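Trainee: I have a structure here, written as structure tokens, and I will follow up with some questions on it.
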Amino acid sequence: MLNIIDQPRYKCALAAMQTIQSIPGAVPILHSGPGCASKLNDNSGSGGHFAPNAYPCSLVSEKEVVFGGIKKLRNTVENALNVMDAQLFVVISGCTTEIIGDDIQEVAEDFFTIERPVIWAKTPGFKGNNYLGHDWILKSIFEQYLTKLETKPKIKGLVNIFAGTPQQDPFWLGNLRELEKLIKSIGLISNTIFGAGRSLENIKKIRQAEYTILVSPWVGSESAEYLEKEFDIPLLKYPVLPIGAAETSKFLRTVGEFCHADKDLVEKVIREKESEYYYYLERFADTLLETGLLGKRFSIVSEAQYTLAITKFLVNDLGFFPLTQFITDDTPEKYRNKITEEFKKLNYDISAEVEWSTDGNAIHKKIKALDFEGIPLIIGSYWEKEIAKEIKGRYVNISYPVINRLVINGSIAGYSGGLKLLEDIYSA
């Protein structure tokens with residue numbers, strides 16, 4: 001039986017066009033109807049190699065549905081190569097073109113060159129959401145481009161880092177840069193492919209890395225596992241985005257051990273970072289604990305990444321108590337047990353109940369029934385604003401859709417990210 005999705009928290013797989021746009025020098029070529037592209041590219045800071053709305057699209061119409069759209073796609077790809085100054089082109093398909101059976105693989109392979117690669121990925125909405133689409137894009141790049149490059153020597157200490165879903169996660173780039181800084185602080189070299197200052201050269205270096213680190217409960221697993229299997233790059237899947245001192249110190253020790261970093265350096269960095277972190281907390285301890293403006297019980301409505309990470313931060317660093325936590329990204333069943341186990345690994349023998357749901361209305365009804373024993377704290381998307389107001393609670397918008405705040409290069413990862421998140425919670 002099909003379910004109605006009220007207050008959606010994600011988009012269809014074709015919206016993974018934003019993953020492509022987040023790679024400098026890369027351009028998506030959409031084989032879809034014009035409505036799909038205009039609806040999915042919500043202009044929420046997507047940017048990319050060109051303006052957010054400057055991307056080729058085959059503009060499939062009723063004629064192509066009847067007679068096929070391959071000829072139109074070929075013309076679109078050829079014109080894109082002629083007029084767009086890009087390094088990487090990725091042809092992606094929508095529902096209509098997948099249903100009529102257009103072969104985007106054949107077209108992409110006809111235009112492919114090592115100098116200006118044209119690759120393809122099937123991303124119809126009926127196959128999944130943009131979290132899955134993000135993974136399919138990355139795997140397509142690795143499978144269709146990296147495998148064709150000449151083998152080069154490994155670069156000592158080089159680590160590939162993947163975390164968050166570009167554009168879908170409002171803090172995606174800030175968090176990624178913070179993770180880079182953490183990796184660098186313990187003597188390793190980071191390699192990322194998203195955001196300013198990156199290029200096709202960073203993609204080429206992926207094969208030269210000694211290790212890959214995926215910071216995610218599940219998103220990106222398929223592509224990261226492909227790197228490990230195909231290119232023999234050891235993979236560390238760290239399921240929790242580190243926020244605050246407890247998880248960030250654990251993250252650094254785990255990464256240091258996995259990547260054979262200098263243990264003395266790792267511990268030195270942790271001592272220095274924790275000292276600074278707790279200095280700030282102690283300065284504002286009276287303000288945070290004695291004003292009565294913050295309740296001690298909370299509920300989060302977000303994707304698995306933030307629901308898990310922020311729960312650990314609020315419990316382990318601040319002593320808050322979790323009520324039911326709601327995960328809204330339609331996490332595949334095969335990952336749910338491990339994520340549930342992570343919610344049991346909290347300090348003070350505390351565990352949090354987890355519920356998976358894509359229905360915002362049903363979630364809000366359950367939030368109303370929770371006993372917060374004080375001022376409720378609700379953390380989630382813009383959709384949670386009204387329910388927080390209704391139950392007279394505090395509200396913080398940290399995940400898609402983000403409407404009532406602007407995030408440019410903000411981060412909630414790491415030691416500094418934990419302090420920033422605390423500022424946001426208190427300011428609410």
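Nothing in this text is a laboratory measurement; each read-out follows from the coordinates by a stated rule. All values reported here derive from a predicted model rather than from experimental measurement. So basically every Cβ, Gly included, is an ideal-geometry build from the backbone, and we count neighbours across all protein chains shown.
Trainee: Name the shape class, rounded, prolate or oblate, that the alpha-carbon gyration tensor gives for region 228-323, where a ≥ b ≥ c are the square roots of its eigenvalues, rounded holds for a/c under 1.5, and otherwise prolate holds if a/b is larger than b/c and oblate otherwise.
Mentor: oblate
Trainee: Straight-line reach from residue 156: which lysines have Cα under 25 Å away, leaving out those fewer than 8 places along the same chain?
Mentor: 139, 148, 181, 184, 204, 205, 229, 237, 250, 263, 268
Trainee: Springs between alpha-carbon pairs under 10 angstrom, Gaussian network model over the chain: which of 362, 261, 413 fluctuates most?
Mentor: For the chain, modelled as a Gaussian network with Cα springs under 10 Å, the answer is 362.
Trainee: For region 13-148, how big is the tail of P(r) above 23 Å, as a whole percent of Cα pairs?
Mentor: 23 percent
Trainee: Please label the shape of region 378-424 as rounded, prolate or oblate, based on the square roots a ≥ b ≥ c of the eigenvalues of the alpha-carbon gyration tensor (a/c under 1.5 means rounded; beyond that, a/b larger than b/c means prolate, else oblate).
Mentor: Cα axes put region 378-424 in the oblate bin.
Trainee: Taking only C-alpha pairs under 8 Å that are 6+ residues apart, what is the relative contact order of region 158-276 in percent?
Mentor: Here the relative contact order equals 25 percent.
Trainee: Sticking with this structure for a sec: Of 18, 65, 120, whose Cα points farthest to the positive end of the dipole of region 13-148 (charges on the beta-carbon: +1 Lys, Arg; -1 Asp, Glu; origin at the Cα centre)?
Mentor: So the residue furthest toward the plus end is 18.
Trainee: I'd like the Kirkwood hydrodynamic radius of the chain, using the inverse of the mean 1/r over distinct C-alpha pairs, in Å.
Mentor: Kirkwood radius, the chain: 22.6 Å.
Trainee: Rank these for me by crowding, 74, 9, going from fewest to most other beta carbons within 10 Å.
Mentor: In increasing order of surrounding Cβ atoms, one gets 74, 9.
Trainee: Another question, then. Exactly which GluC sites (Glu not before Pro) in region 368-406 are in a DSSP loop and have at most 16 other Cβ atoms within 10 Å?
Mentor: Here the GluC sites (Glu not before Pro) that fit, given the DSSP loop and packing criteria, are 373.
Trainee: Dividing the convex hull volume of the Cα atoms of region 158-276 by its residue count, what figure in Å³ per residue is obtained?
Mentor: 102 Å³
Trainee: Could you put 99, 137 in order, starting from the residue whose Cβ has the fewest other Cβ atoms within 10 Å?
Mentor: The fewest-first ordering by Cβ neighbours comes to 99, 137.
Trainee: Which of the peptides 168-175, 303-310 is most tightly packed, and how do the rest follow, judged by the mean count of other Cβ atoms within 10 Å per residue?
Mentor: Highest-to-lowest ranking by the protection proxy: 303-310, 168-175.
Trainee: A further question on this structure: Given axes a ≥ b ≥ c from the Cα gyration tensor, I'd like to know whether region 287-427 is rounded (a/c under 1.5), prolate (a/b larger than b/c) or oblate.
Mentor: rounded
Trainee: I would also like to ask the following. Using Cβ contacts closer than 10 Å as the measure, can you line up 66, 215 from fewest to most?
Mentor: Listed from fewest to most nearby Cβ atoms, that is 66, 215.
Trainee: Okay, moving on. Are there trypsin sites (Lys or Arg not before Pro) in region 153-183 that DSSP puts in a loop and that have at most 15 other Cβ atoms within 10 Å, and which ones?
Mentor: Here the sparse-neighbourhood loop sites are 154, 156.
Trainee: Per residue of region 20-35, in order, report the coupling 6.51 cos²θ - 1.76 cosθ + 1.60 (Karplus, θ = phi - 60°) as ³J(HN,Hα) in whole Hz, putting x for Gly and Pro.
Mentor: After applying 6.51 cos²θ - 1.76 cosθ + 1.60, I find 5, 5, 7, 9, x, x, 9, 9, x, 10, 8, 9, 7, x, x, x Hz.
Trainee: Which whole-angstrom value gives the distance between the alpha carbon centres of region 208-273 and region 327-382?
Mentor: Distance between centres, Cα-based: 25 Å.
Trainee: In nanometres, what is the gap between the two model label sites at residue 283 and residue 103, each 7 Å from Cα along Cα-to-Cβ?
Mentor: So the label points at residue 283 and residue 103 sit 6.5 nm apart.
Trainee: Gaussian network model of the chain, Cα springs within a sub-10 Å range: biggest mean-square fluctuation belongs to which of 196, 121, 369?
Mentor: In the Gaussian network model the winner is 369.
Trainee: Pick out which of 125, 164, 35 has the largest mean-square fluctuation in a Gaussian network model of the chain, springs linking Cα atoms closer than 10 Å.
Mentor: Result for the chain, Cα springs under 10 Å: 35 fluctuates most.
Trainee: From the phi angles alone, apply the Karplus equation (6.51, -1.76, 1.60; θ = phi - 60°) to region 321-326 and give each ³J(HN,Hα) in whole Hz, x where the residue is Gly or Pro.
Mentor: 10, x, 9, 5, 10, 10
Trainee: Within the set of other residues whose C-beta is less than 9 Å from the C-beta of residue 414, count the net charge using Lys and Arg as +1 and Asp and Glu as -1.
Mentor: Local net charge: +1.
Trainee: Now, a different point. Pop out the ³J(HN,Hα) list for region 394-399 in order, Karplus 6.51 cos²θ - 1.76 cosθ + 1.60 with θ = phi - 60°, rounded to Hz; leave Gly and Pro as x.
Mentor: Once rounded to whole Hz, the list reads 8, 9, 10, 8, 10, 9.
Trainee: Additional query: Can you compute the helix-only [θ] at 222 nm over the chain? Use -39500 (n - 2.57) per DSSP H run of at least 4 residues, normalise by all residues, nearest 500 deg cm²/dmol.
Mentor: -12500 deg cm²/dmol
Trainee: So, one more: So if I restrict to the alpha-carbon atoms in region 75-169, what is the Rg, and what is Dmax, the biggest pairwise distance, in Å?
Mentor: Final numbers for Rg and Dmax: 15.2, 48 Å.
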